Amino acid sequence: MKKGEPALLESVNKALRDMENSGEMQTIFDKWLGEGTLYKMKRSFTVQPVNSKNS
């Protein structure tokens, strides 16, 4: 993502926030990395907005 594009940054953050709030992020994690896979991982984090100061 290019610096100086606040509309794009907000759009990406909104999409990630919506996925987190709906449970879709957990579903994706479980499908690819969760306990029913070879990796058997538990998700101990949530997706957070990109901090534009660190980008």
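The values are calculated or read from the model by the stated rules, or taken from the named source; none is laboratory data. It should be emphasised that the depicted structure is a prediction, and the values quoted were computed from it without experimental measurement. Don't worry about glycine lacking a Cβ; one is built from the backbone with ideal geometry, like all the others, and counts go over all protein chains shown.
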- Message: So, in the stretch 14-39, exactly how many residues are in contact (Cβ under 8 Å) with a residue 12 or more places away in the chain and assigned to a loop (DSSP other than H, G, I, E, B)?
- Response: 0
- Can you tell me how many residues in the stretch 1-41 are modelled with pLDDT of 90 or more, surrounded by fewer than 11 Cβ atoms within 10 Å (Cβ to Cβ) and touching a helix residue (DSSP H, G or I) at 6+ places or on another chain (Cβ under 9 Å)? 3
